[in-house]
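Worksheet for the structure shown next.
The values are calculated or read from the model by the stated rules, or taken from the named source; none is laboratory data. Worth saying up front: this structure is predicted, and the values here are computed from it rather than measured. Because the Cβ atoms are built from the backbone with ideal geometry, glycine has one as well, and the counts that use them run over all protein chains shown.
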Amino acid sequence: MSKIFELYGYRLDCWSAEASANREKAWCPFMDAECDGGGNRYLSALDIKKNPTLAKFFPGKETVQSGVCSLRLQDFEQPWIVCPRRLLSLKGQRANHQAHVRDKLAKHSNLEQGQLYRAWSEVKMKVETTNDEDEAKSFDYTFDYVIAGSARKKLSEVAEIIGQGLRAAQKIAEKNQYTLASREGELWVDDFPSDPIVIVEIMTSSTSGGDKKKRTQIAMACEDAVISPETHNGPGINYRQVWARMVSQLIAKSQVGLAWNGKTIWLLQDLLTQYISSTTALDLSKYTAQHSDEVNILAFGYGELEREPTSSIKELSDFTFYAGPITDHPDDLASKGFIEIVKIGAPPEKEHLWRSLFKKAPCGSVAWKER
């Protein structure tokens with residue numbers, strides 16, 4: 001049965017006084033901030049007023065987010081990461097047990113050693129565009145993170161870029177803590193975003209809806225794991241939803257990174273890359289690489305997990321870098337592109353369909369008559 005493996009960053013099977021003190025604050029050690037449920041679990045928040053038993057575990061709190069980082073579906077199996085913050089958080093300056101992930105990301109993004117780059121989170125873009133044939137198109141995506149360099153730019157040029165007046169542009173710069181400097185009577189933004197551009201997308205597993213009666217919904221599982229770690233049950237993993245979310249964005253976001261003379265790096269757990277390879281026509285083992293390409297994936301894993309761990313926070317140690325073209329190379333028929341991810345690995349025999357149909361009663365009938 002599924003169990004929560006990590007709660008508020010700490011291994012549940014290696015709970016300690018330090019872990020309890022961290023949980024009391026509902027703290028995420030990877031963000032070095034209060035847990036936000038991964039940014040997409042607001043409906044799964046724990047209402048302390050509705051469950052007074054939780055009050056002693058979260059002193060002074062009225063509401064906390066469900067701090068489930070990962071799930072272990074079976075004893076001794078590798079856990080599945082279900083919170084993107086567990087894989088990587090670029091918020092703040094501290095590494096927070098993710099130094100290895102950050103180093104590999106910087107290396108394969110070709111960022112200069114010793115150079116400081118800023119990161120922006122949840123960057124939303126909804127713009128109208130045109131293609132080469134002057135056809136109207138729209139671009140409507142949100143990037144998990146964008147890493148960029150800095151360059152000096154006149155405030156007047158910045159105002160033109162954002163479509164605002166000088167005073168409004170200055171207010172925005174001051175609000176967002178950009179550095180303003182006056183030179184020869186003109187204001188400059190000394191650290192306006194500039195090349196290089198790196199889009200970072202983090203894809204972790206989704207949980208299944210869970211069973212209310214069995215208390216395997218994410219919030220219920222979190223409550224039970226806090227109160228009675230030994231007897232709680234967790235939700236399952238929704239593999240297909242993860243793949244569907246990723247495949248709908250993989251090519252588009254990789255293409256836009258290339259269009260901006262930058263690159264897009266996808267961060268996945270190694271279990272998810274194994275699932276992709278086993279269910280699609282894309283065998284990622286054939287794309288291990290040293291250098292970036294049109295599509296780039298960094299896969300991380302827990303490595304060997306000790307049965308008697310010495311530390312209650314585990315840094316992700318294993319990694320593999322995959323890279324390749326988006327489409328097949330016309331001059332190399334043996335080289336397949338990442339577009340293979342949208343194809344099934346192999347169609348099942350028709351007998352499997354007959355078997356499925358025979359085991360299920362028909363729901364109706366269809367007939368066509370000319371009228």
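Values as computed for the structure displayed
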| item | result |
| --- | --- |
| Strands (runs of 3 or more DSSP E) enclosed by region 256-371 - at least 2 residues per element that are assigned by TED's automatic domain parsing to the domain that holds Val68 and over 24 Å from the mean Cα position of the chain (by Cα) | none |
| Within region 159-178, considering residues that are within 17 Å of Val123 (Cβ to Cβ) and among the hydrophobic types (A, V, I, L, M, F, W, C), the one surrounded by the most Cβ atoms within 10 Å (Cβ to Cβ) | Ile172 |
| Odd one out for Pro52 among (1) over 20 Å from Gly92 (Cβ atoms); (2) surrounded by 13 or more Cβ atoms within 10 Å (Cβ to Cβ) | (2) |
| All positions within region 41-68 that are touching a residue at least 60 places away in the same chain (Cβ under 8 Å), under 24 Å from the mean Cα position of the chain (by Cα) and assigned to a loop (DSSP other than H, G, I, E, B) | Arg41, Ala45, Ser66, Gly67 |
| Criterion: part of a strand (DSSP E or B) and not polar (S, T, N, Q) - qualifying residue of Asp211, Asp191 | Asp191 |
| Condition broken by Ser138, with the remaining ones in (1) under 27 Å from the mean Cα position of the chain (by Cα); (2) part of a helix (DSSP H, G or I) satisfied | (2) |
| Any chance Lys212 is at pLDDT 90 or above and at negative phi | no |
| Residue within region 98-107 that is on the phi > 0 side of the Ramachandran plot, at pLDDT below 95, assigned by TED's automatic domain parsing to the domain that holds Asn296 and touching a helix residue (DSSP H, G or I) at 6+ places or on another chain (Cβ under 9 Å) present | no |
| Count of region 215-245 residues which are farther than 29 Å from Thr142 by Cα and of a type in the set (Lys, Arg) | 1 |
| In region 14-40, the residues that are part of a helix (DSSP H, G or I) and touching an Asp or Glu at 6+ places or on another chain (Cβ under 9 Å) | Cys14, Gly39 |
| Residue in region 86-95 that is touching a strand residue (DSSP E or B) at 6+ places or on another chain (Cβ under 7 Å), outside the structural domain of Phe192 (by TED's automatic domain parsing) and more than 24 Å from Gly262 (Cα to Cα) present | yes |
| Residue list for region 233-249, filter: touching a Ser or Thr at 6+ places or on another chain (Cβ under 9 Å) and either modelled with pLDDT of 90 or more or surrounded by 14 or more Cβ atoms within 10 Å (Cβ to Cβ) (or both) | Asn233, Gly234, Pro235, Gly236, Ile237, Asn238, Tyr239, Val242, Trp243, Val247 |
| Selection status of Ser248, closer than 27 Å to Arg102 by Cα and polar (S, T, N, Q) | yes |
| Some residue of region 123-134 being surrounded by fewer than 10 Cβ atoms within 10 Å (Cβ to Cβ), part of a loop (DSSP other than H, G, I, E, B), touching a Lys or Arg at 6+ places or on another chain (Cβ under 6 Å) and free of Cβ contacts under 8 Å to residues at least 60 places away in the same chain | yes |
| Every residue from region 69-100 that is exposed (fewer than 15 other Cβ atoms within 10 Å of the Cβ) and either among the hydroxyl-bearing types (Ser, Thr, Tyr) or not in a loop (DSSP other than H, G, I, E, B) (or both) | Ala99 |
